[in-house]
Amino acid sequence: MASGNSLDFGWNTVFKGLMRTPQPEGWGYTDEARLRGLKKKPAPFRMAVFAQIMIAIAEIKPMERGLMWLPLLALFIGLAWAGWNEYQKVEAYRTWAQGFDRTKYDIYAVLGEKGDCLTWGKPTRKGPVNQETFSLKEVQSLNLLVNQQPVTVDTLPENLKAKTIALEFLFPSPQDSVQIPFTEVAIAVEWTKYLQQQWQKWQEGTED
(Lines give C-alpha, C1' and ligand atoms only; values in the text may rest on other atoms or scores of the structure.)
Protein backbone atom coordinates (compact mmCIF):
# COMPACT_ATOMS: atom_id res chain seq x y z
CA MET A 1 0.00 0.00 0.00
CA ALA A 2 1.26 3.49 -0.78
CA SER A 3 2.47 5.48 2.18
CA GLY A 4 0.96 8.72 3.39
CA ASN A 5 3.87 10.67 1.94
CA SER A 6 3.36 9.07 -1.47
CA LEU A 7 -0.32 9.99 -1.44
CA ASP A 8 0.54 13.53 -0.40
CA PHE A 9 2.98 13.71 -3.28
CA GLY A 10 0.30 12.53 -5.70
CA TRP A 11 -2.17 15.21 -4.63
CA ASN A 12 0.55 17.85 -4.62
CA THR A 13 1.32 16.95 -8.22
CA VAL A 14 -2.32 17.56 -9.15
CA PHE A 15 -2.47 20.89 -7.37
CA LYS A 16 0.88 21.97 -8.82
CA GLY A 17 -0.56 21.27 -12.26
CA LEU A 18 -3.55 23.44 -11.46
CA MET A 19 -1.46 26.22 -9.98
CA ARG A 20 0.53 26.60 -13.17
CA THR A 21 -2.44 28.68 -14.24
CA PRO A 22 -4.20 29.42 -10.91
CA GLN A 23 -6.50 31.84 -12.66
CA PRO A 24 -6.94 30.66 -16.26
CA GLU A 25 -7.38 33.48 -18.68
CA GLY A 26 -10.78 35.07 -18.27
CA TRP A 27 -11.73 33.28 -15.01
CA GLY A 28 -13.18 35.80 -12.62
CA TYR A 29 -13.80 38.37 -15.34
CA THR A 30 -17.26 39.09 -16.67
CA ASP A 31 -18.10 39.49 -20.35
CA GLU A 32 -18.46 43.20 -19.64
CA ALA A 33 -14.90 43.29 -18.31
CA ARG A 34 -13.59 41.58 -21.42
CA LEU A 35 -15.42 44.10 -23.58
CA ARG A 36 -13.55 46.83 -21.70
CA GLY A 37 -10.32 45.21 -22.83
CA LEU A 38 -9.32 43.59 -19.55
CA LYS A 39 -9.27 40.10 -21.03
CA LYS A 40 -9.91 38.50 -24.35
CA LYS A 41 -12.57 35.81 -24.46
CA PRO A 42 -11.08 32.57 -22.99
CA ALA A 43 -11.70 28.88 -23.48
CA PRO A 44 -14.24 27.43 -21.00
CA PHE A 45 -12.80 27.41 -17.48
CA ARG A 46 -14.03 23.94 -16.59
CA MET A 47 -12.36 22.36 -19.62
CA ALA A 48 -9.08 24.09 -18.75
CA VAL A 49 -9.19 22.75 -15.20
CA PHE A 50 -10.11 19.25 -16.39
CA ALA A 51 -7.19 19.26 -18.83
CA GLN A 52 -4.79 20.31 -16.07
CA ILE A 53 -6.08 17.52 -13.81
CA MET A 54 -5.65 14.89 -16.54
CA ILE A 55 -2.08 16.04 -17.27
CA ALA A 56 -1.19 15.96 -13.58
CA ILE A 57 -2.71 12.49 -13.10
CA ALA A 58 -0.75 11.13 -16.06
CA GLU A 59 2.49 12.08 -14.24
CA ILE A 60 1.58 10.08 -11.10
CA LYS A 61 2.60 6.49 -10.35
CA PRO A 62 0.04 3.79 -11.33
CA MET A 63 -0.92 2.84 -7.75
CA GLU A 64 -1.41 6.42 -6.68
CA ARG A 65 -3.26 7.13 -9.91
CA GLY A 66 -5.76 4.36 -9.15
CA LEU A 67 -6.45 5.76 -5.69
CA MET A 68 -6.89 9.25 -7.09
CA TRP A 69 -9.53 8.07 -9.56
CA LEU A 70 -11.85 7.01 -6.72
CA PRO A 71 -13.00 10.52 -5.64
CA LEU A 72 -13.19 11.61 -9.28
CA LEU A 73 -15.33 8.57 -10.10
CA ALA A 74 -17.61 9.38 -7.16
CA LEU A 75 -17.90 12.96 -8.43
CA PHE A 76 -18.82 11.85 -11.96
CA ILE A 77 -21.41 9.40 -10.62
CA GLY A 78 -22.92 12.15 -8.47
CA LEU A 79 -23.11 14.54 -11.43
CA ALA A 80 -24.65 11.87 -13.64
CA TRP A 81 -27.30 11.07 -11.03
CA ALA A 82 -28.10 14.76 -10.52
CA GLY A 83 -28.54 15.19 -14.28
CA TRP A 84 -30.77 12.13 -14.53
CA ASN A 85 -32.82 13.28 -11.54
CA GLU A 86 -33.38 16.72 -13.04
CA TYR A 87 -34.29 15.21 -16.42
CA GLN A 88 -36.96 13.05 -14.78
CA LYS A 89 -38.40 16.12 -13.02
CA VAL A 90 -38.59 18.06 -16.29
CA GLU A 91 -40.28 15.17 -18.09
CA ALA A 92 -42.86 14.82 -15.30
CA TYR A 93 -43.42 18.59 -15.42
CA ARG A 94 -44.04 18.51 -19.19
CA THR A 95 -46.78 15.95 -18.73
CA TRP A 96 -48.32 17.97 -15.90
CA ALA A 97 -48.09 21.25 -17.85
CA GLN A 98 -50.29 19.99 -20.70
CA GLY A 99 -53.41 20.80 -18.70
CA PHE A 100 -52.63 24.53 -18.38
CA ASP A 101 -52.61 27.63 -20.56
CA ARG A 102 -49.35 29.01 -19.16
CA THR A 103 -46.72 27.36 -16.95
CA LYS A 104 -43.30 27.83 -15.39
CA TYR A 105 -40.73 25.39 -14.03
CA ASP A 106 -37.66 25.79 -11.86
CA ILE A 107 -36.00 23.80 -9.09
CA TYR A 108 -38.10 25.54 -6.42
CA ALA A 109 -41.63 25.36 -7.80
CA VAL A 110 -43.90 24.71 -10.76
CA LEU A 111 -46.75 27.06 -11.58
CA GLY A 112 -49.68 26.63 -13.95
CA GLU A 113 -52.49 28.97 -15.01
CA LYS A 114 -55.85 27.79 -16.30
CA GLY A 115 -58.49 30.50 -16.65
CA ASP A 116 -58.71 32.34 -13.34
CA CYS A 117 -57.09 29.47 -11.38
CA LEU A 118 -53.44 29.08 -10.44
CA THR A 119 -51.93 25.77 -9.34
CA TRP A 120 -48.46 25.42 -7.93
CA GLY A 121 -46.34 22.78 -6.21
CA LYS A 122 -42.88 21.30 -5.77
CA PRO A 123 -41.35 19.42 -8.73
CA THR A 124 -40.34 15.76 -8.26
CA ARG A 125 -39.51 12.84 -10.55
CA LYS A 126 -43.09 11.55 -10.19
CA GLY A 127 -44.70 14.93 -10.83
CA PRO A 128 -45.45 18.02 -8.73
CA VAL A 129 -46.33 17.39 -5.07
CA ASN A 130 -47.90 19.54 -2.34
CA GLN A 131 -50.05 21.21 -4.98
CA GLU A 132 -52.29 24.14 -4.10
CA THR A 133 -54.92 25.77 -6.29
CA PHE A 134 -56.59 29.15 -5.83
CA SER A 135 -58.50 31.64 -7.95
CA LEU A 136 -57.33 35.11 -8.94
CA LYS A 137 -60.90 36.22 -8.16
CA GLU A 138 -60.15 35.50 -4.48
CA VAL A 139 -56.87 37.44 -4.43
CA GLN A 140 -56.88 40.86 -2.79
CA SER A 141 -53.43 41.89 -4.08
CA LEU A 142 -50.23 40.40 -5.43
CA ASN A 143 -46.63 41.56 -5.10
CA LEU A 144 -43.14 40.58 -6.11
CA LEU A 145 -40.91 39.95 -3.09
CA VAL A 146 -37.14 40.19 -3.40
CA ASN A 147 -35.18 39.38 -0.26
CA GLN A 148 -38.53 39.26 1.60
CA GLN A 149 -39.34 42.86 0.64
CA PRO A 150 -42.02 44.02 -1.85
CA VAL A 151 -40.56 45.74 -4.91
CA THR A 152 -41.91 47.70 -7.86
CA VAL A 153 -41.27 45.72 -11.04
CA ASP A 154 -40.83 48.80 -13.22
CA THR A 155 -38.02 50.29 -11.11
CA LEU A 156 -35.85 47.27 -10.31
CA PRO A 157 -32.10 47.90 -10.72
CA GLU A 158 -30.38 45.72 -13.31
CA ASN A 159 -27.65 44.52 -10.91
CA LEU A 160 -30.02 43.61 -8.10
CA LYS A 161 -28.65 40.79 -5.93
CA ALA A 162 -31.49 38.55 -4.83
CA LYS A 163 -31.16 35.81 -2.22
CA THR A 164 -34.87 35.00 -2.25
CA ILE A 165 -37.49 35.72 -4.92
CA ALA A 166 -41.21 35.03 -4.58
CA LEU A 167 -44.56 36.05 -5.99
CA GLU A 168 -46.88 36.78 -3.08
CA PHE A 169 -50.68 36.56 -3.24
CA LEU A 170 -52.69 38.16 -0.42
CA PHE A 171 -56.27 37.20 0.41
CA PRO A 172 -58.97 39.08 2.36
CA SER A 173 -58.14 37.16 5.53
CA PRO A 174 -54.96 38.66 7.08
CA GLN A 175 -53.65 35.18 7.92
CA ASP A 176 -53.95 33.91 4.35
CA SER A 177 -51.16 34.39 1.83
CA VAL A 178 -49.34 32.30 -0.76
CA GLN A 179 -45.71 32.79 -1.76
CA ILE A 180 -44.53 31.02 -4.92
CA PRO A 181 -40.70 30.95 -5.14
CA PHE A 182 -38.68 31.74 -8.27
CA THR A 183 -35.02 31.27 -9.11
CA GLU A 184 -34.60 34.26 -11.45
CA VAL A 185 -35.70 37.86 -11.00
CA ALA A 186 -36.35 38.39 -14.73
CA ILE A 187 -38.79 35.46 -14.94
CA ALA A 188 -40.51 36.52 -11.72
CA VAL A 189 -40.95 40.05 -13.11
CA GLU A 190 -42.56 38.70 -16.29
CA TRP A 191 -45.00 36.58 -14.30
CA THR A 192 -45.77 39.45 -11.94
CA LYS A 193 -46.65 41.82 -14.78
CA TYR A 194 -48.72 39.19 -16.57
CA LEU A 195 -50.66 38.06 -13.49
CA GLN A 196 -51.28 41.64 -12.37
CA GLN A 197 -52.96 42.24 -15.73
CA GLN A 198 -54.97 39.03 -15.47
CA TRP A 199 -55.93 39.79 -11.87
CA GLN A 200 -57.14 43.24 -12.87
CA LYS A 201 -59.32 41.74 -15.61
CA TRP A 202 -60.90 39.22 -13.26
CA GLN A 203 -61.49 41.88 -10.62
CA GLU A 204 -63.23 44.10 -13.13
CA GLY A 205 -65.27 41.16 -14.34
CA THR A 206 -66.27 40.29 -10.75
CA GLU A 207 -67.32 43.88 -10.02
CA ASP A 208 -69.55 43.84 -13.10
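The values are calculated or read from the model by the stated rules, or taken from the named source; none is laboratory data. Quantities reported herein were computed from a predicted structural model and do not represent experimental measurements. Glycine gets a Cβ as well: all are built from the backbone with ideal geometry, and neighbour counts include every protein chain shown. The area values use the complete protein model at the heavy-atom level, side chains included, leaving out ligands, DNA and RNA. Shrake-Rupley method; radii C 1.70, N 1.55, O 1.52, S 1.80 Å.
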Residues (touching a Leu at 6+ places or on another chain (Cβ under 7 Å) and in contact (Cβ under 8 Å) with a residue 12 or more places away in the chain) located in the stretch 151-164: VAL153
Hey, ILE187 modelled with pLDDT of 90 or more and open to solvent by 40 Å² or more (accessible area, probe 1.4 Å) or not: yes
Residue within the stretch 138-154 that is within 30 Å of TRP84 (Cβ to Cβ) and open to solvent by 50 Å² or more (accessible area, probe 1.4 Å) present: no
Residue, least open to solvent (accessible area, probe 1.4 Å), within the stretch 90-126, restricted to residues that are over 15 Å from the mean Cα position of the chain (by Cα) and basic (Lys, Arg): ARG102
Filter pass, GLN131 being surrounded by fewer than 16 Cβ atoms within 10 Å (Cβ to Cβ), in contact (Cβ under 8 Å) with a residue 12 or more places away in the chain and not charged (D, E, K, R): yes
Looking only at the stretch 155-184, and only at residues there that are more than 14 Å from ASP106 (Cα to Cα) and of a type in the set (S, T, N, Q), the one that is least open to solvent (accessible area, probe 1.4 Å): SER173
Hits in the stretch 94-109 - residues which are in contact (Cβ under 8 Å) with a residue 24 or more places away in the chain, assigned to a helix (DSSP H, G or I) and within 17 Å of PHE182 (Cβ to Cβ): none
Tally of residues being touching a strand residue (DSSP E or B) at 6+ places or on another chain (Cβ under 6 Å) and of a type in the set (D, E, K, R) across the stretch 97-131: 6
Qualifying residue in the stretch 82-93 (condition: among the hydroxyl-bearing types (Ser, Thr, Tyr) and in a strand (DSSP E or B)): no
Options LYS126, LYS161: the member that is part of a loop (DSSP other than H, G, I, E, B) and over 30 Å from TRP84 (Cβ atoms): LYS161
